[in-house]
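Colleague: Attaching a single structure in structure tokens format; questions to follow.
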Amino acid sequence: MAEAIQRKLQSELEKYQQMQKDVNKSMSARQKLEAQLTENNIVKEELDLLDSQNTVYKLIGPVLVKQDLEEAKATVGKRLEYINGEIQRYETLLKEMERKSEQHREVLAGLQQEFQRAQGLAAGKAQ
């Protein structure tokens, strides 16, 4: 009986470890999005300081190409919307992963107790 519980415990532990890896990947992706958000907010602030007489250039590959100020502001605005949407998506995903992770922890704790009881019973019978 203890062997069956141990196998189930090992299986649940592997699922839990995979879940933790997924959480770490999602957190890393979210951090990258936060960095992009900060960078794009700085760009937006800089563009807001300019007037129509200023020249704006966009880097395309190795070449700087002249770009209309309003077009540049619109592009940065859309990028900020997209990044904020992705951050919200990762927030939701991480909350769901945390909920599942907590369920896995509870299952693992229950299986560990069950395994310890089974070992205790086996030790009691062996005496």
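The values are calculated or read from the model by the stated rules, or taken from the named source; none is laboratory data. Here the structure is a predicted model, which means the values were calculated and not measured. Cβ coordinates were reconstructed from backbone atoms using ideal geometry, including for glycine residues, and neighbour counts include every protein chain displayed. SASA here: full protein model, heavy atoms, side chains in, ligands and nucleic acids out. Shrake-Rupley method; radii C 1.70, N 1.55, O 1.52, S 1.80 Å.
Colleague: Only one residue in LEU121, LEU111 is at pLDDT below 95, part of a helix (DSSP H, G or I) and open to solvent by 100 Å² or more (accessible area, probe 1.4 Å), so which one is that?
Modeller: On the way: LEU111 fails: open to solvent by 100 Å² or more (accessible area, probe 1.4 Å).
Selected residue: LEU121, the only one of LEU121, LEU111 that is at pLDDT below 95, part of a helix (DSSP H, G or I) and open to solvent by 100 Å² or more (accessible area, probe 1.4 Å).
Colleague: A further question on this structure: All but one of (1) under 15 Å from the mean Cα position of the chain (by Cα); (2) open to solvent by less than 50 Å² (accessible area, probe 1.4 Å) hold for ASN40; state the number of the condition that does not hold.
Modeller: In the conditions (1) under 15 Å from the mean Cα position of the chain (by Cα); (2) open to solvent by less than 50 Å² (accessible area, probe 1.4 Å), ASN40 misses (1) alone.
Colleague: While we're here: Just name the residue that is surrounded by the most Cβ atoms within 10 Å (Cβ to Cβ) out of those in the range 65-91 that are more than 17 Å from SER28 (Cβ to Cβ) and of a type in the set (Val, Ile, Thr).
Modeller: VAL76
Colleague: So which pairs qualify, if the first residue must be in the range 28-44 and within 16 Å of GLY85 (Cβ to Cβ) and in contact (Cβ under 8 Å) with a residue 12 or more places away in the chain, the second must be assigned to a helix (DSSP H, G or I) and aromatic (Phe, Trp, Tyr), the Cβ gap must be under 7 Å, and the two must be at least 6 apart or on different chains?
Modeller: ALA29/TYR90; ARG30/TYR90; LEU33/TYR90
Colleague: Okay, moving on. Only residues in the range 61-79 that are among the small types (Gly, Ala, Ser) count as the first member; pair them with residues that are open to solvent by less than 50 Å² (accessible area, probe 1.4 Å), Cβ under 9 angstrom, at least 6 apart or cross-chain, and list the lot.
Modeller: That search, which allows pairs on different chains as well, returns ALA72/LEU47; ALA72/VAL56.
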